[in-house]
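The structure appears right after this line, and notes come after that.
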Amino acid sequence: MANDPKEPPKSPEKPEAPRGKRPRGGPGPWPPRIEPFMAPTTDLNPRDLKTWAKRTGFNPNFSGETASVSSDLESGSARWEAPRRPEIEAVPVVERVRPESLRDGVPEMRRLADLAPPPPPSTLAVVEPPPEPTNKVAPIGDGGGSKGPEKTEKEEAVALGIDLPEFAAAGIPAYTRRPLVRKTSCLASLSFYSLQHYLSLAGSLVFVPLVLVPVMGGTDEETATVVSTVLLVTGIATLLHSYLGTRLPLVQGSSFVYLAPALAIANSREFRNLSESRFKHIMKELQGAIIVGSIFQCIFGYSGLMSLFLRFINPVTIAPTVAAVGLAFFGYAFPQAGTCIELSIPQLVLIIVFTLYLRRVSIYGHRIFQVYAVPLGVAITWVYASLLTASGAYNFKGCDPNIPTSNILYEACRKHAIIMKHCRTDVSDAWRTSAWFRIPYPFQWGLPTFRLRTCMIMVVVSVIASVDSVGSYHASSLLINSSAPTPGIVGRGIGLEGCTSILAGMWGTGTGSTTLTENVHTIGITKMGSRKAVEVGAVVLIVCSFMGKVGAVIASIPLAMAASVLCFMWAMVVALGLSTLRYTDGGSSRNVLIVGLSLFLSVSVPAYFQQYGATINLILPSYISPYVALSDGPIHTGNKDFDFAVNGLLSLHMVVAFLVAFILDNTVPGSKQERGVYIWSRASEVANDPNFVSEYALPSKIARCFRWVKWVGA
């Protein structure tokens, strides 16, 4: 009866809207979000519980289950009885707060339960509603689209990539935890961290000229000069990026992205038969193309177009593109290393052993073998090669290793010429011909040459270099910061990379300057996340560039040893590219097919274009054959410049991988969670986060000059 005093008053029920239609009364999310049921301490109305259960979608008649509600109003308690289901004690839900700050890499996590008094005990038992879908990226190995129960504090921290001290004891895999980075202002510590950071990047910094200059016909002295120039431009570019770019602790140097197109231009038909000053002619051609491509990159970054382009760049696109950069040199690495097996194989084995098998060996708290794997392997092998040379292992009767191969008359000496050239440590003239003190200067090889066909190639390559840097920005920010940069800050970094590549073109390094992909791996193993340490190392590089003998020492490394190191470095580039897929749903057939098609076509399509230079392959070395399709490709439209550019671009592995992955990823349907869309910070959140401002904001005096360019995050 309605007037029965024992019957609790009825609570009004809101009419439910039909499924699939938005209810009247104004805009709002649909399906509507159902808040957790909060158990009152007194005067519980069972109808409120039943109404809330209906709103969650619970239907006992449909599920074949029956439920009953029994209440005891005098005691103020009630129980929901559901057969075949365990009773779950309901506790008022407490909001979980995301980490607010990272001081020296150690996150601070708070819960509202620590601030509010504990709720009164309740005997109410309910069945929790199913968790509502979320757009947050799932933790690694979670499949990206799973809908499980609400995450614990540790699980949520893992999803955010944050390291907590107790994770190891909890059995959480190490690859899901963010390493603690070191940030210090002590000059001695900065010098040490800077040394280990740059030594771990030695292979990427200085080995590009060792590959490129000999192919261009350069002498040992010119190789040493290019190495010194690379050190100077790397130091200047890194300092500029640290102050005016994204301000992440990243090194800007000669990237492998520019190496393949540079080799292709160097082996085009017009430069193939040059005998005099071939190196300078090719270098001036590369300088002009790099300058034009870098100007386009500047405009692309600073105009705000990069912020729009980021909407279409995701890990599924970046992963095969970066991996193809390393795969492009499979025909060069080991064939060159195989010219002196007794040096290259031991060196490669040493680097692998140091990196993988001895990586956990710690000496005075530092993992020496993992951090210094490349320089240690090179030093040990170099000493071994010097002992072999001094002992006469490469001495052949009547043969002089300093005579060019074309001038050797004796057949026996010609047979051993390759061994002497690639194995001996005393055949380089770099140390004897290089000056002790020399300052690299702009246009030291002459005024650049500007041609439309090579400029078109470098414009496309600059876009791919930007895509490569986007992945490095995101990955490094997760290692050292609590949030990723904004799209405007990414555009600012890309624009500055264009400026520094212009400097590389003016000084004549043969390649552009961009973020080194291996830098992300270096930050992870060195645990160094301080900009100051990178800046100290950049100053040291600038000083070393003025010492000509430093470049001479690097240039005198036997080519077989350099190729052996590059086998490891290029493999690391492939691995770092594919590791980007950890932000996506790794089990998605969509992603697997896109990445597989991109990688396969990036190898197969260039092979089709390269077969048209088969007649030239009889003259040139085998490792040059992938780079002769510019002048001999299958595309003939009547426009020589267009044919040259298109044949050249489609013979480059990274270009094909990028085009296939970009088109498929942006046309094949897939959820954001499945695609692993990069989540960049919002500009509206920057002003409220002091940690964000301290990490990414420009210096105050410089920021005043850029107030009008809000789209670059100034």
message = Yes or no: segment 388-401 includes at least one residue that is modelled with pLDDT of 80 or more and either touching a strand residue (DSSP E or B) at 6+ places or on another chain (Cβ under 6 Å) or closer than 26 Å to Y258 by Cβ (or both).
response = no
remark   = Taking segment 343-372 and keeping residues modelled with pLDDT under 85 and either surrounded by fewer than 17 Cβ atoms within 10 Å (Cβ to Cβ) or of a type in the set (G, A, S) (or both) leaves R359, R360, V361, S362, I363, Y364, G365, H366, I368
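For segment 561-582, which positions are in contact with a His (Cβ under 8 Å, 6 or more places away or on another chain) and over 14 Å from I351 (Cβ atoms)?
Kept after step one, since they are in contact with a His (Cβ under 8 Å, 6 or more places away or on another chain), are these residues of segment 561-582: 572, 576.
Correct list: L576 only.
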Residues of segment 644-654 satisfying the condition of being open to solvent by less than 20 Å² (accessible area, probe 1.4 Å) and either aliphatic (A, V, I, L, M) or over 16 Å from N267 (Cα atoms) (or both) = A645, L652, H653, M654
remark   = G491 vs (1) buried (at least 24 other Cβ atoms within 10 Å of the Cβ); (2) in contact with a Ser or Thr (Cβ under 9 Å, 6 or more places away or on another chain); (3) of a type outside the set (K, R); (4) closer than 30 Å to G365 by Cα: all pass except (4)
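Here is a yes/no grid of residues against (1) over 27 Å from V574 (Cα atoms); (2) crowded, with 24+ Cβ neighbours inside 10 Å:
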position	(1), (2)
G510	no, yes
L516	no, yes
G524	no, no
S530	no, no
E535	yes, no
I542	yes, no
V553	yes, no
task = Being surrounded by fewer than 18 Cβ atoms within 10 Å (Cβ to Cβ) and in a helix (DSSP H, G or I) is the filter; apply it to segment 297-309 and report the residue that is modelled with the highest pLDDT.
result = I299
remark   = Only one of (1) open to solvent by 10 Å² or more (accessible area, probe 1.4 Å); (2) not in a helix (DSSP H, G or I) does not apply to P335, and that is (2)
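If you take the residues of segment 662-688 that are charged (D, E, K, R) and at pLDDT 70 or above, which of them is nearest to S466 (Cα to Cα)?
The initial filter retains those residues of segment 662-688 that are charged (D, E, K, R), namely 665, 672, 674-675, 682, 685.
In the following step, the residues that additionally are at pLDDT 70 or above were identified as 665, 672, 674-675, 682.
Details: D665: 18, K672: 22, E674: 24, R675: 20, R682: 21 Å.
So, considering only residues that are charged (D, E, K, R) and at pLDDT 70 or above, the one nearest to S466 (Cα to Cα) is D665.
May I ask you to say which residue of L274, L231 is in contact (Cβ under 8 Å) with a residue 40 or more places away in the chain, in contact with a helix residue (DSSP H, G or I) (Cβ under 7 Å, 6 or more places away or on another chain), outside any helix (DSSP H, G or I) and more than 22 Å from L698 (Cα to Cα)? If you could, list the steps in order and put the result at the bottom.
Numbers: L231 fails: outside any helix (DSSP H, G or I).
Answer to the selection: L274.
Tally the residues that are in contact (Cβ under 8 Å) with a residue 24 or more places away in the chain and farther than 17 Å from M561 by Cβ, restricting the search to segment 367-379.
First, pick out the residues of segment 367-379 that are in contact (Cβ under 8 Å) with a residue 24 or more places away in the chain: 367, 370-378.
Subset that is farther than 17 Å from M561 by Cβ: 367, 370-371.
Qualifying residue count for the region: 3.
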remark   = Here the residues within segment 636-680 that are of a type outside the set (D, E), free of Cβ contacts under 8 Å to residues at least 60 places away in the same chain and either within 21 Å of A262 (Cβ to Cβ) or touching a strand residue (DSSP E or B) at 6+ places or on another chain (Cβ under 8 Å) (or both) are V646, N647, L650, L659
inquiry  = With the structure loaded, tell me whether S501 is without any contact (Cβ under 8 Å) to a residue 60 or more places away in the chain, touching a strand residue (DSSP E or B) at 6+ places or on another chain (Cβ under 8 Å) and open to solvent by less than 40 Å² (accessible area, probe 1.4 Å) or whether it fails that test.
reply    = no
task = Kindly indicate whether any position in segment 261-272 is within 30 Å of I489 (Cβ to Cβ) and either open to solvent by 10 Å² or more (accessible area, probe 1.4 Å) or not aromatic (F, W, Y) (or both).
result = yes
request  = Out of the residues in segment 415-440 that are of a type in the set (G, A, S) and within 17 Å of L231 (Cβ to Cβ), state the one that is surrounded by the fewest Cβ atoms within 10 Å (Cβ to Cβ).
outcome  = A435
request  = Answer yes or no as to whether A629 is surrounded by 16 or more Cβ atoms within 10 Å (Cβ to Cβ), in contact with a Cys (Cβ under 8 Å, 6 or more places away or on another chain) and at pLDDT below 90.
outcome  = no
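The values are calculated or read from the model by the stated rules, or taken from the named source; none is laboratory data. Quick caveat, the model's predicted, so the values are computed rather than measured. Note: ideal-geometry Cβ built from the backbone for every residue, glycine included; neighbour counts use all protein chains shown. Heads up: the accessible areas ignore ligands, DNA and RNA and are worked out on the full protein's heavy atoms, side chains in. Shrake-Rupley method; radii C 1.70, N 1.55, O 1.52, S 1.80 Å.
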